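Bear in mind these aren't lab numbers, they're just calculated from the coordinates by the rules spelled out. Keep in mind that this is a model prediction, so the values were computed, not measured. Positions of Cβ are backbone-derived with ideal geometry, glycine not excepted, and every protein chain shown enters the neighbour counts.
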Amino acid sequence: MTHSEAINEIAAALAKAQAQIEGAKKDKVNPHFRNDYADLASVWDACREALTKNQLSVAQAAESGSEGSYGVTTMLLHSSGQWMAGTLYLKAAKDDPQGA
């Protein structure tokens, strides 16, 4: 993980937001395993208001890595200009758009 030089304001805002966030609603059903799950829209709905109230936002960007891997960088941004970021890389099962 990388972050801005100072993180005191973003850390305080994140602590407040986490106290306000409730669990996402498991409102979808996986027909293969027959279990309930929270889709991305439900997860975003669960945290959007708390993040916004505490002047936090999320940005993501896709990128390609080495040897057929792909990554997603996620940044948590605060209105003060402070930020935290991390990238998750995964190797694609196949080297085609579906694998990515």
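Let's see how each residue does on (1) outside any strand (DSSP E or B); (2) among the hydrophobic types (A, V, I, L, M, F, W, C); (3) without any contact (Cβ under 8 Å) to a residue 24 or more places away in the chain; (4) touching an Asp or Glu at 6+ places or on another chain (Cβ under 7 Å):
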residue	(1), (2), (3), (4)
F33	yes, yes, yes, no
C47	yes, yes, no, no
S57	no, no, yes, no
S66	yes, no, yes, no
Y70	no, no, no, no
T73	no, no, yes, yes
G81	yes, no, no, no
A85	no, yes, no, no
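Filter segment 1-18 down to residues that are free of Cβ contacts under 8 Å to residues at least 12 places away in the same chain and assigned to a helix (DSSP H, G or I) and give me whichever is farthest from K53 (Cα to Cα).
Across segment 1-18, the extreme among qualifying residues is A11.
Among the residues of segment 1-53, which ones are exposed (fewer than 12 other Cβ atoms within 10 Å of the Cβ), polar (S, T, N, Q) and closer than 26 Å to S80 by Cβ?
T2, N8, T52
How many of the residues in segment 54-91 are exposed (fewer than 15 other Cβ atoms within 10 Å of the Cβ), over 17 Å from the mean Cα position of the chain (by Cα) and among the small types (G, A, S)?
7
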